[in-house]
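Undergrad: Dropping a structure here in structure tokens format, bear with me for questions.
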Amino acid sequence: MVKNLVRALVSGREPATALKGSTFMSTTRILWTLLLTGTLALAATGTQAQPIAQPGQSQERQDASDEHGEQGRPWAIVGSWFAATSTGIRQFFTFHADGTVLRSVQGEVSTDPARPPHTAAHGVWRDLGKGRFGVTIWDLFYDVNTSQPLRYNKLRLEVTLGDGGDDASTRARVDIVDLQGVVVGSRTGSANLVRIPFEPLE
């Protein structure tokens, strides 16, 4: 019956000439149900295929960046790192895949008026190519008693990954910025970073 109805639809003849009465109505409902189900299934398959293709596209972009060398891949810096400055200050950095970065450093909490407390530092990083990455982060210093803001520190880094990708060296510049956005002082420095590895629970 279904074949007769399909032939009628394809040939352009009225379906009623192929089938009659209640049998025609029942067969028509079945055919349209099958057609609708197939259409929905195809649409769902197409929708699901889009996110599957995206990781492959990201991999292609990452593979294309290998011209910068093994550690020149755009995401090679992603992860968390121990850091120590040349003056002995210890820090943590976390570089996220979305291009943001957080830093925590000793001395964020202080009750010494000469060394006011400050927030964790927030900022962004960018791939500079050939295993180098640029970083800009800001933190806010405030009065320990009133919590009123005092000034900002803006830290800019150029991070160079080591050959194995699990250590790095940095050149740094810190600008002291008042609440009006004026740079009132600067200093330079350096630091070494070591990636924090994953250690499974034994």
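Undergrad: Looking at residue 167, is it acidic (Asp, Glu), under 21 Å from residue 75 (Cβ atoms) and modelled with pLDDT under 95? Walk me through it before giving the result.
TA: Values: acidic (Asp, Glu): yes; under 21 Å from residue 75 (Cβ atoms): yes; modelled with pLDDT under 95: no.
Against the criterion (acidic (Asp, Glu), under 21 Å from residue 75 (Cβ atoms) and modelled with pLDDT under 95), residue 167 does not qualify.
Undergrad: Now for a different question. Scan the range 126-133 and tell me whether some residue there is in contact (Cβ under 8 Å) with a residue 40 or more places away in the chain and in contact with a Pro (Cβ under 7 Å, 6 or more places away or on another chain).
TA: Scanning the range 126-133 turns up at least one residue that is in contact (Cβ under 8 Å) with a residue 40 or more places away in the chain and in contact with a Pro (Cβ under 7 Å, 6 or more places away or on another chain).
Undergrad: In addition: So, residue 184, is that one hydrophobic (A, V, I, L, M, F, W, C) and without any contact (Cβ under 8 Å) to a residue 40 or more places away in the chain or not?
TA: Numbers: hydrophobic (A, V, I, L, M, F, W, C): yes; without any contact (Cβ under 8 Å) to a residue 40 or more places away in the chain: yes.
Here the answer is yes, as residue 184 does meet what is asked.
Undergrad: Same structure again: Tally the residues that are among the acidic types (Asp, Glu) and either in a strand (DSSP E or B) or outside the structural domain of residue 93 (by TED's automatic domain parsing) (or both), restricting the search to the range 113-148. Show your work before the answer.
TA: If we filter the range 113-148 for residues that are among the acidic types (Asp, Glu), which is where we start, we get 127, 139, 143.
Cutting the leftovers down to either in a strand (DSSP E or B) or outside the structural domain of residue 93 (by TED's automatic domain parsing) (or both) gives us 127, 139.
Result for the range 113-148: 2.
Undergrad: Given the criterion surrounded by 10 or more Cβ atoms within 10 Å (Cβ to Cβ), modelled with pLDDT under 90 and touching a Lys or Arg at 6+ places or on another chain (Cβ under 8 Å), identify the matching residue among 58, 65.
TA: On the way: 58 fails: touching a Lys or Arg at 6+ places or on another chain (Cβ under 8 Å).
Among 58, 65, only 65 is surrounded by 10 or more Cβ atoms within 10 Å (Cβ to Cβ), modelled with pLDDT under 90 and touching a Lys or Arg at 6+ places or on another chain (Cβ under 8 Å).
Undergrad: Name the one entry in 118, 122 that is under 20 Å from residue 90 (Cα atoms) and surrounded by 15 or more Cβ atoms within 10 Å (Cβ to Cβ).
TA: Values: 122 fails: surrounded by 15 or more Cβ atoms within 10 Å (Cβ to Cβ).
None of the others qualify; the one that does is 118.
Undergrad: Could you check how many residues of the range 131-163 are within 19 Å of residue 192 (Cβ to Cβ) and surrounded by fewer than 14 Cβ atoms within 10 Å (Cβ to Cβ)?
TA: Narrowing the range 131-163 to residues within 19 Å of residue 192 (Cβ to Cβ): 131-135, 137, 155-163.
Applying the additional criterion that residues be surrounded by fewer than 14 Cβ atoms within 10 Å (Cβ to Cβ) yields 134, 163.
The number of residues fulfilling the criteria is 2.
Undergrad: Given the condition in the same structural domain as residue 82 (by TED's automatic domain parsing), touching an Asp or Glu at 6+ places or on another chain (Cβ under 8 Å) and surrounded by 13 or more Cβ atoms within 10 Å (Cβ to Cβ), answer yes or no: does some residue in the range 174-182 qualify? Let's see the steps before the verdict.
TA: Quick first cut of the range 174-182, residues in the same structural domain as residue 82 (by TED's automatic domain parsing) only: 174-182.
In the following step, the residues that additionally are touching an Asp or Glu at 6+ places or on another chain (Cβ under 8 Å) were identified as none.
Scanning the range 174-182, I find no residue that is in the same structural domain as residue 82 (by TED's automatic domain parsing), touching an Asp or Glu at 6+ places or on another chain (Cβ under 8 Å) and surrounded by 13 or more Cβ atoms within 10 Å (Cβ to Cβ), so the answer is no.
Undergrad: Which of the residues spanning the range 170-202 are more than 13 Å from residue 159 (Cα to Cα) and part of a strand (DSSP E or B)?
TA: Scanning the range 170-202 gives 174, 175, 176, 177, 183, 184, 185, 186, 187, 188.
Undergrad: Kindly indicate the residue of the range 149-164 that is in contact (Cβ under 8 Å) with a residue 40 or more places away in the chain and part of a strand (DSSP E or B) and also farthest from residue 102 (Cα to Cα) among those meeting that condition.
TA: 161
The values are calculated or read from the model by the stated rules, or taken from the named source; none is laboratory data. None of these values were measured; they are calculated from a predicted model. A quick note on method: Cβ atoms are made from the backbone with ideal geometry, for glycine too, and the neighbour counts reach across all protein chains shown.
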